[in-house]
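The values are calculated or read from the model by the stated rules, or taken from the named source; none is laboratory data. In this text the structure is predicted, and so the values were computed from the model without any measurement. Note: ideal-geometry Cβ built from the backbone for every residue, glycine included; neighbour counts use all protein chains shown.
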Amino acid sequence: GLTEKLSNAFKKLRGKGRLSEADVKEAMREIRLALLEADVSFKVVKDFIARVTERAVGADVLESLTPAQMIVKIVNEELTALMGGDSVKLNLSSRPPTVVMVVGLNGAGKTTNCAKLAGFMKKQNGKRPLLAACDTFRPAAIHQLEVVGEQLGIPVFQMGQSDPVDIAKSAIEHAKKHGNDLVFLDTAGRLHVDEELMEQLKVMKAAVDPDEILLVVDAMIGQDAVNAAKAFDEALDITGVMLTKLDGDARGGAALSIKAVTGKPIKFVGVGEKLDQVEVFHPDRMSSRILGMGDVLSLIEKAQQNFDLKKAAELQEKMKKNRLTLTDFYDQLVQFKGMGSMQDLAGMLPGVDAKALEGADLDKNALGKTEAIILSMTPEERENPALLNSSRKKRIAAGSGTQVVDVNRLLKQFEMMQQMTRQMAGMSGGKMARKMAR
Ligand code: GDP
Ligand code: MG
């Protein structure tokens, strides 16, 4: 793939104390081929290589970097810039409801991803979204939206096979009446870009004046995704792109070309079929990923996402006062469980020995045990685990149907969690990343 090809190009530069013009030229040739093969638009590649070459030739190599590392740095920065530099938020209306028209070709992932995004906005931003079933072209579309809405606990507005524009307008009225501050219009697609579709979408746009027209494109289709983006943008003047199926073996071309070709930012990415597999698009992280620099930052963000912010603030307050209780601990366990591997997370935190968490099974059974143990404690004990001497531990083990070793293990985990929480709460993502990089 792209990552492999690029790293091969860089590998050849490694170990060279000084780069000749021929070295740079050769590297650029390989990078150029790698990008073209990844389906990045020809003109985008040409401009990109020109910029990198210019900077590479003129660059004062930083003292701390080898010339080869310097080129990687430049390529990384230019890739990031190519994808828009910074992440871009959803346009929210100052007069709710915010209306998001979700458009795209069939199978791009409109229905699933507008639901994912609604779920994301609900969880992250405390929004009260409404999903509106405006795809009356495909008979099963309404039901599909209802199913995903149900799974996420998000209401779905539908009017059967009525006129999509009427449905959109009614959905917005409905949202106003019911206090929904964010409306996603799931519209119909077609197999290919066609006039009829664009006309319908233009009519809807004129009728509802959306705050955001989010184009959903499938990353797997490479150059075709870029062409679709161009066509939709010309017809509708879209405000942003959601790139889906980045979890597959997408060649990366779409992510790299869309901003350059349309001028519109990729705002979100879909990274799997599950309804929580949506992420804010970060050009710098995408670039690191393409260059094979790992996606540690994404993991951190995921951790922070799953970490209920308000609870975190409360906890931080408690941590400061050294007042974390076992009840908090239980809540924490449930939270961490949502993040995937506890060991992965622990491994990222300086000063925490990931190995110590090896036995820390976070499956349902273990949580059930933990809950039983904590519930068998008196409120005083939960507040102050230091009270737990061996006779109290015996009582608790008996009361919870566990062994004293289980109680001890839990206390050990509690200690560990105290450490992790303190560090997660007190550390910014950047600082954490730097520590990890060392
Ligand atoms: P629509 O026709 O544009 O509404 O597309 P759908 O929402 O029905 O999605 C089409 C297919 O793509 C479904 O099977 C989805 O589960 C799948 N899909 C959507 N987003 C992603 C993603 O980010 N990753 C993967 N692997 N599959 C996705
Ligand atoms: Mg659909």
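Within region 202-228, being outside any loop (DSSP other than H, G, I, E, B), more than 19 Å from Thr112 (Cα to Cα) and modelled with pLDDT of 95 or more holds for Lys202, Val203, Met204, Lys205, Ala206, Ala207, Val208.
Residues that are buried (at least 22 other Cβ atoms within 10 Å of the Cβ) and away from ligand 2 (no atom under 16 Å from the Cβ) were ranked within region 241-252; the one that is modelled with the lowest pLDDT is Ala250.
With the condition kept exactly as written, say whether any residue in region 163-176 is free of Cβ contacts under 8 Å to residues at least 12 places away in the same chain, away from ligand 2 (no atom under 12 Å from the Cβ) and basic (Lys, Arg). No. Counting the residues of region 68-108 that are closer than 22 Å to Leu243 by Cα, in a loop (DSSP other than H, G, I, E, B) and either of a type in the set (Gly, Ala, Ser) or more than 16 Å from ligand 1 (Cβ to nearest atom) (or both) gives 13. Tell me whether region 91-107 contains one or more residues that are within 12 Å of ligand 2 (Cβ to nearest atom), buried (at least 21 other Cβ atoms within 10 Å of the Cβ) and either over 12 Å from Phe184 (Cα atoms) or outside the structural domain of His178 (by TED's automatic domain parsing) (or both). For region 91-107, residues within 12 Å of ligand 2 (Cβ to nearest atom), buried (at least 21 other Cβ atoms within 10 Å of the Cβ) and either over 12 Å from Phe184 (Cα atoms) or outside the structural domain of His178 (by TED's automatic domain parsing) (or both): present. Yes or no: region 130-140 includes at least one residue that is more than 16 Å from ligand 2 (Cβ to nearest atom), of a type outside the set (Asp, Glu) and in contact (Cβ under 8 Å) with a residue 24 or more places away in the chain. Yes - at least one qualifying residue is present in region 130-140.
Of these, Ala228, Ala260, Ala255, which one is touching a residue at least 60 places away in the same chain (Cβ under 8 Å) and within 16 Å of ligand 2 (Cβ to nearest atom)?
Answer to the check: Ala228.
Of the residues Phe268, Phe281, Phe232, which is over 18 Å from the mean Cα position of the chain (by Cα), within 25 Å of Ala132 (Cα to Cα) and of a type in the set (Phe, Trp, Tyr)? Break it down stepwise before answering.
Numbers: Phe268 fails: over 18 Å from the mean Cα position of the chain (by Cα); Phe281 fails: over 18 Å from the mean Cα position of the chain (by Cα).
Among Phe268, Phe281, Phe232, only Phe232 is over 18 Å from the mean Cα position of the chain (by Cα), within 25 Å of Ala132 (Cα to Cα) and of a type in the set (Phe, Trp, Tyr).
A Cβ distance below 9 Å, combined with a sequence gap of six or more or placement on separate chains, defines the contacts here; from region 377-398, residues that are polar (S, T, N, Q) reach residues that are surrounded by fewer than 13 Cβ atoms within 10 Å (Cβ to Cβ) in the pairs Thr378/Leu387.
Can Val156 be described as touching a helix residue (DSSP H, G or I) at 6+ places or on another chain (Cβ under 6 Å), more than 12 Å from ligand 2 (Cβ to nearest atom) and aliphatic (A, V, I, L, M)?
Values: touching a helix residue (DSSP H, G or I) at 6+ places or on another chain (Cβ under 6 Å): yes; more than 12 Å from ligand 2 (Cβ to nearest atom): yes; aliphatic (A, V, I, L, M): yes.
Yes, satisfied.
Out of the residues in region 185-244 that are of a type outside the set (A, V, I, L, M) and within 12 Å of ligand 1 (Cβ to nearest atom), which is farthest from Glu146 (Cα to Cα)? The qualifying residue farthest from Glu146 (Cα to Cα) is Asp218.
Here region 140-155 is the region considered, the condition is being in contact with a strand residue (DSSP E or B) (Cβ under 6 Å, 6 or more places away or on another chain) and closer than 13 Å to Thr112 by Cα, and the residue that is nearest to ligand 1 (Cβ to nearest atom) is Leu145.
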